[in-house]
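This report concerns only the one structure given below.
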Amino acid sequence: MADLTPEQQRDFEAAAFRRLVEHLRTRSDVQNIDLMNLAGFCRNCLSNWYRDAANAEGMELSKDESREIVYGMPYAEWQAKNQTEASPEKQVAFEQNRPKDH
């Protein structure tokens, strides 16, 4: 691994996170349940992790605020524009594989 300063590592990780979030914003066709079933995380997980990091540093961030950061709009708006009904098979797979903290 390259010799990175802590600041470089932080900056590169932040850039990768921003790129992931932007990618997920452009791929609204990919449903959260598909992400969960395939990879074990989704946009909501990212927003929860973001909120946890903020809260750990003493900044109170609500669930709605952190979701808006990840989704690029209020969550209810994203749901209305993009969310589709999950098939029964996807719902069963989600319940079988759901992380305990989701």
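Computed from the coordinates by the stated procedures, all read-outs in this text should not be read as laboratory data. Here the structure is a predicted model, which is why all the values come from computation and not from measurement. Backbone-built Cβ (ideal geometry, glycine too); neighbour counts: all protein chains shown.
Computed quantities for the displayed model
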| item | result |
| --- | --- |
| Summed residue charge, Cβ within 10 Å of Ser66's Cβ, Lys/Arg positive, Asp/Glu negative | -1 |
| Spread of Cα-to-Cα distances over 5 Å intervals beginning at zero, given as percent, for the range 40-102 | 4, 17, 20, 21, 20, 12, 5, 2, 0 |
| Angle in degrees between helix 6-26 and the longest Cα principal axis of the chain, rounded to the nearest 10 | 20 degrees |
| Packing-based order for 67-74, 15-22, using average beta carbon neighbours within 10 Å, highest first | 67-74, 15-22 |
| Modelled FRET efficiency - R0 25 Å, Val92 with Phe41, Cβ distances, 0.05 increments | 0.85 |
| For the range 31-102 and the range 4-25, distance of Cα centres in Å | 19 Å |
| Stretch gain in nm, segment Ala14-Ala54, where the contour uses 0.36 nm per residue and the Cα spacing is subtracted | 13.0 nm |
| The chain - mean residue ellipticity at 222 nm from DSSP helices (-39,500 (n - 2.57) per run, n ≥ 4, rounded to 500) | -21000 deg cm²/dmol |
| FRET E, pair Asp29, Asp3, Förster distance 41 Å, beta-carbon r, rounded to 0.05 | 0.55 |
